[in-house]
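Contents: one structure, followed by commentary.
Laboratory data are not the source of any read-out in this text; all were calculated from the coordinates shown. As the structure is a computational prediction, the values presented were derived from the model and not from experiment. When we count neighbours, we look across all protein chains shown, and the Cβ atoms used for this are built from the backbone with ideal geometry, even at glycine.
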Amino acid sequence: MIIDMNSSSRFSEISFSRLLSKTIISDKSKTKNTYESRIRKLEAKNVELSVRNQELETTNAKLMARIKELETRKSDHKKLDAAMKNLKDTIKNNINYVISAVNTLKVLTGEEDEVTLHTVRVKLFCMEEQWKERGVGSLKLNFSKSTVKAPRLVILNITLFNGMHVEKQDKFVRLFVYEGDKLVHLAIKLSNSKATDELYNAIIEAIPPTKN
């Protein structure tokens with residue numbers, strides 16, 4: 001058999017060429033797949049970063065809102081402190097004014113034009129079917145400075161009148177007086193018989209005489 005060396009050489013070249021071509025195509029395919037895989041990974045990573053960036057922006061917005069809220073509260077606290085200080089100053093000024101007004105206020109007792117000639121500590125009773133206690137205090141026998149008004153017993157707030165009935169018994173001075181248009185029976189209890197005598201005599205001497 002005769003072999004054509006030229007033909008064999010050309011066959012080898014063709015086979016090598018085909019093999020090289022396949023190798024190149026395969027390498028290109030692998031390279032393409034590698035690039036595409038990297039691109040997909042980069043795109044996924046980009047999406048992940050975008051989501052994370054969005055979350056950070058949301059968190060940042062919340063933090064900015066919180067900072068603004070705290071600044072507003074701080075401002076409100078300053079305003080409240082100022083308002084409280086003004087209120088305290090106003091209250092203090094009002095209290096000082098009231099104290100000053102009270103100190104300068106003249107309290108009227110109704111005794112400004114009277115002179116007290118007898119005073120004693122007593123317990124007062126009133127007959128209302130039976131004796132009932134009315135209270136304890138200082139009984140004063142007052143005379144008017146102008147002598148126009150009749151003497152009166154302060155605490156009872158009654159005016160002595162001509163013909164009024166007065167009697168004494170042990171530690172009591174009893175008398176009938178008018179409270180408005182009503183005649184009432186009162187009993188004045190004193191600490192001892194001496195105080196009883198002194199009050200009785202002072203009342204008797206103070207009763208206005210009969211007018212001629």
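Hey, can you tell me all the residues within segment 143-160 that are in contact (Cβ under 8 Å) with a residue 24 or more places away in the chain and surrounded by fewer than 13 Cβ atoms within 10 Å (Cβ to Cβ)?
Listed by number, the residues that qualify are K145, S146.
Check K123, K132 and return the single one that is under 48 Å from the mean Cα position of the chain (by Cα), closer than 14 Å to K189 by Cα and free of Cβ contacts under 8 Å to residues at least 12 places away in the same chain. Don't jump to the end; show me each part of the working.
Details: K123 fails: free of Cβ contacts under 8 Å to residues at least 12 places away in the same chain.
Among K123, K132, only K132 is under 48 Å from the mean Cα position of the chain (by Cα), closer than 14 Å to K189 by Cα and free of Cβ contacts under 8 Å to residues at least 12 places away in the same chain.
Condition test on Y200, is it aromatic (F, W, Y) and crowded, with 17+ Cβ neighbours inside 10 Å? So that I can check it myself, show each step before the final result.
On the way: aromatic (F, W, Y): yes; crowded, with 17+ Cβ neighbours inside 10 Å: yes.
Yes.
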